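What follows draws every value from the coordinates through simple rules; no lab data is involved. What you are looking at is a predicted structure, and each value in this text was computed from that prediction instead of being measured. Glycine also receives a Cβ, built like all others from the backbone with ideal geometry; neighbour counts cover every protein chain displayed.
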Amino acid sequence: MKPVFVLLVSTAWTFTGAQYYYQGLMDYLENRLLAIEDRMQFWHKETHRYHAEAKDFKKLTAEIVAGLRTEHSELFKDMEGAAVRADRVEREMDYIGIQTSPRACVNKADKVVEQGVWGLEESRGEMEGENDWEEIRSQVSDCTQIISGIRSVKILKRVGGPQGMWTRDPRSSRVYVFNGTSGDVIHQFDSVQDFSHSAGLTGSRQIRLPFVWSGPGCAVHNGYLYCIKHESGADVQVVKYDIVSGTVTDSSMFPVDSPAHVYSLNPEVVADLAADDEGLWLLYAPSDSEPNINLAKMDPAMLDIEEIWDTGCPRENAEAAFVVCGTLYVVYNTRLASRSRIQCVFDVNDVVVSEEAPLLYFPRRYGAHVSLKYNPEEKQLYGWDDGYQIIYRLTMKRKLLV
Ligand SMILES: *[C@@H]1O[C@H](CO)[C@@H](O)[C@H](O)[C@H]1NC(C)=O
């Protein structure tokens, strides 16, 4: 009986021991699980926090970027404004510069008369007026007037394209409009008034020419049209056309083989023709390497070239030029159209001296001149400015006779 009891007791003990053992294990595992759960919960919370923070950060960054962007555009706008202001200041400076610079530059007039001698010269001129007149007559030009100012400006009309020219024949009072930079058609009006009242170019008499004029560089003089003819591959010519009979009466070869554009701001103008009281003048550049405008006096009847001068007036930044009384006036501007001004004067007789060279400053306009044509009878300029037809009235004074 005793061994059975012992076995039972030992079995019970073993059973109870195992139970305890398993219980402990379970507790241990449960604790571990709880700890893991806690950790998981903690990580979950952390991830959530990180996520939220990342979201906030992203939002913040977006706001900052947007702010930077508007600031940048504001800065850009400010800069643009500053650029415009700088441009305006530059123009004003330009204007002041012109106003304060005593005279336009005069070339070939080496005889710079000193201020004190001036009155003397003038009184001498009055005393020996007859003799001076004789002297002038023997020179190339017998005209004794120079421009002293621009009295008025009249914007008459806007017809045609940005480029072109218009002029009036002093003999017939007829107005001729050349639209564009080349063509074989010109428009004729009976008078400036007629042109002013017309509906565009449709009310004109169209004249079809037997040749193609090139660049707005023609001139009308005593019923004749003088034009530059420059067909590709062919030589450059000056053509004389009788408007009444409708025939080409004469033509002559250009004095050089490969002329370059005469004004750097108007490259369409191969060469320019100007008519004044003295006759016909050709303005051109002999080659691309020649920096100055050359002037040739032409015989309006036969188109012979009588004399050629290097005027010393640079082609750079020149937009147009015209001749009054044997004196060349070159008009300059800037590439970004500013205010046109006469900055170079050349007198073929070498009579105009620096002190009396006109200081001409064109009134504020729409842009830049494509052409300026002088009418000796009315003493006014016919200008073409971005399709606007403008008349400038000039005031004249007598040249000092030295
Ligand atoms: C004038 O010339 C411009 C081009 O420069 C052209 O567009 C326009 O149609 C022309 N007008 C007339 C009436 O010929």
Discussion item. Give me the residue from region 191-210 that is surrounded by 14 or more Cβ atoms within 10 Å (Cβ to Cβ) and more than 30 Å from the chain's Cα centre (by Cα) and, out of that set, nearest to the ligand (Cβ to nearest atom).
Written reply: SER204
Practice prompt. Can you work out which of the residues in region 211-228 that are among the hydrophobic types (A, V, I, L, M, F, W, C) and surrounded by 23 or more Cβ atoms within 10 Å (Cβ to Cβ) is farthest from PRO376 (Cα to Cα)?
Written response: TRP213
Worksheet item: Filtering region 147-181 down to residues that are buried (at least 18 other Cβ atoms within 10 Å of the Cβ) and polar (S, T, N, Q), which residue is nearest to the ligand (Cβ to nearest atom)?
Response: ASN179
Fill in: Entirely in region 269-378, the strands (runs of 3 or more DSSP E) that have 3 or more residues that are under 15 Å from TYR392 (Cα atoms), without any contact (Cβ under 8 Å) to a residue 40 or more places away in the chain and over 26 Å from the mean Cα position of the chain (by Cα)
none
